[in-house]
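Chemist: The structure that follows is given in the form of structure tokens.
The values are calculated or read from the model by the stated rules, or taken from the named source; none is laboratory data. Since the model is a prediction, treat every value here as computed from it, not as a measurement. Glycine also receives a Cβ, built like all others from the backbone with ideal geometry; neighbour counts cover every protein chain displayed.
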Amino acid sequence: MNNSKKILLVSPRGFCAGVTRAIEIVELALQKYGSPVYVNHEIVHNKYVIEELTNKGAIFLDNIDDAPSDRPFILSAHGVSKDVESYASKNSDVVIDATCPLVTKVHVQALKFFEKGYKIILIGHKNHPEVIGTMGQLPPNSIFLVETVEDVEKVSVNKNEKIAYLTQTTLSIDDTKTIINALKLKYPEIGASPKEDICYATSNRQKAIKEYAKMCDSFIVVGSNNSSNSNRLVEVAKKAGCKKTILLENDYHLKISDFYSDKIIGVSSGASVPDILVQNVINRFKGHYKIDLEEVSLGEEHVTFKLPRELRVEHK
């Protein structure tokens with residue numbers, strides 16, 4: 001226990017407003033309609049959250065065809081395609097949309113561009129649920145996906161056509177800027193959303209980690225492997241100068257001995273991570289080392305989103 005360490009606990013971290021809203025939607029639906037309620041895919045990308053909601057009576061489906069028509073069906077926070085929306089509304093008596101409003105904003109902008117005759121380029125990760133949902137807002141061959149600068153060269157849209165770009169909400173700010181610059185070089189007249197598509201929570205967490213990771217010998221991002229925003233935080237910490245950065249599902253996977261020689265350990269978490277998982281990691285360290293815990297922050301978040309009409313409590 002004579003080995004002392006400083007833990008820099010970095011904020012903003014943990015639940016964003018969209019995740020808080022999505023979890024609340026499932027919990028309120030269970031209260032209102034009883035269990036089970038069915039959810040399209042994982043409501044958010046965190047195993048702990050999914051297990052908690054499963055224990056309360058939520059059933060997460062990979063295939064929408066498996067949803068019975070007489071039980072509520074919830075669309076995940078990542079958003080869904082028009083086809084899934086349409087199928088759900090025809091086949092389920094109650095459909096509740098838990099799509100993050102900031103993802104919905106991208107969907108709305110995609111439709112606006114399409115209606116004005118633009119060909120649309122979406123910057124994002126192939127097969128991510130949010131990308132599938134956004135591309136599924138429009139007919140085939142009207143929206144094209146690019147993941148890298150190299151992909152920009154492969155885009156075959158004619159320079160004489162009207163072109164605009166959108167982005168997934170959980171991307172790396174710096175990597176996305178590089179791709180946007182490549183698009184602007186290729187298509188100087190390319191249009192963009194009036195406001196940035198990368199969401200406030202993604203930006204805030206990346207900026208905070210960029211600021212503090214360079215001070216650390218090692219850095220831990222608490223989050224699930226399938227969480228896009230958590231994986232981006234790991235990349236940001238490494239690029240900021242902390243090469244020894246890991247993504248950690250929970251404290252059970254923490255190998256304490258790996259941090260024996262580190263003096264300063266940074267800790268933060270992705271936007272779908274409950275803070276109990278972060279506290280559990282810190283408590284594991286406290287069980288092995290003398291810990292000086294310092295909380296550092298790059299600003300506070302006060303964003304909230306309204307619940308869907310079906311779940312709002314009307315005050316008379």
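Chemist: Touching a helix residue (DSSP H, G or I) at 6+ places or on another chain (Cβ under 7 Å) and either in a loop (DSSP other than H, G, I, E, B) or charged (D, E, K, R) (or both), is that true of Gly79?
Modeler: yes
Chemist: Here's something else I'd like to know. Is it true that Glu52 is farther than 20 Å from Leu307 by Cα, more than 18 Å from the chain's Cα centre (by Cα), modelled with pLDDT of 95 or more and surrounded by fewer than 18 Cβ atoms within 10 Å (Cβ to Cβ)?
Modeler: Criteria met by Glu52.
Chemist: If we keep just the residues of the stretch 1-28 that are part of a strand (DSSP E or B) and of a type in the set (S, T, N, Q), which is surrounded by the fewest Cβ atoms within 10 Å (Cβ to Cβ)?
Modeler: Applying the filter and picking the extreme gives Ser4.
Chemist: Give just the number: which of (1) under 26 Å from Pro129 (Cα atoms); (2) surrounded by fewer than 16 Cβ atoms within 10 Å (Cβ to Cβ); (3) in contact (Cβ under 8 Å) with a residue 60 or more places away in the chain does Arg232 not satisfy?
Modeler: (2)
Chemist: Closer than 27 Å to His45 by Cα, part of a loop (DSSP other than H, G, I, E, B) and among the hydrophobic types (A, V, I, L, M, F, W, C) - does that describe any residue in the stretch 178-193?
Modeler: Among the residues of the stretch 178-193, not one is closer than 27 Å to His45 by Cα, part of a loop (DSSP other than H, G, I, E, B) and among the hydrophobic types (A, V, I, L, M, F, W, C), which makes the answer no.
Chemist: Could you please let me know if Ile132 is under 15 Å from Val80 (Cβ atoms) and either of a type in the set (A, V, I, L, M) or surrounded by fewer than 19 Cβ atoms within 10 Å (Cβ to Cβ) (or both)?
Modeler: Yes: the conditions hold for Ile132.
Chemist: Going by what's in this entry, would His107 be described as at pLDDT 95 or above, on the phi < 0 side of the Ramachandran plot, under 14 Å from the mean Cα position of the chain (by Cα) and not polar (S, T, N, Q)?
Modeler: No: the conditions fail for His107.
Chemist: Tell me yes or no: at least one residue of the stretch 125-133 is at pLDDT 95 or above, within 23 Å of Phe73 (Cβ to Cβ) and in contact with a Pro (Cβ under 7 Å, 6 or more places away or on another chain).
Modeler: No.
Chemist: Of all residues in the stretch 52-76, how many are of a type in the set (D, E, K, R) and out of contact with any helix residue (DSSP H, G or I) (no Cβ under 9 Å at 6 or more places or on another chain)?
Modeler: Number of matching residues: 3.
Chemist: Related question: Could you please let me know if Ser89 is modelled with pLDDT under 95 and outside any helix (DSSP H, G or I)?
Modeler: no
Chemist: Which residue pairs have Cβ atoms under 9 Å apart, sit 6 or more places apart or on different chains, and have a first residue in the stretch 290-308 that is touching a residue at least 12 places away in the same chain (Cβ under 8 Å) and farther than 23 Å from Thr99 by Cα and a second that is among the basic types (Lys, Arg) and assigned to a strand (DSSP E or B)?
Modeler: Listed pairs, sorted by first residue: Lys290/Lys5; Ile291/Lys5; Ile291/Lys6; Asp292/Lys5; Asp292/Lys6; Leu293/Lys6; Glu294/Lys6.
Chemist: Ok, one more. Going through the stretch 92-121 one residue at a time, which ones are free of Cβ contacts under 8 Å to residues at least 24 places away in the same chain and not in a helix (DSSP H, G or I)?
Modeler: Of everything in the stretch 92-121, just one residue is free of Cβ contacts under 8 Å to residues at least 24 places away in the same chain and not in a helix (DSSP H, G or I), namely Val95.
Chemist: Here are the criteria: (1) surrounded by fewer than 15 Cβ atoms within 10 Å (Cβ to Cβ); (2) touching a Ser or Thr at 6+ places or on another chain (Cβ under 9 Å). Tell me which single one Phe144 does not satisfy.
Modeler: The single condition Phe144 does not satisfy is (1).
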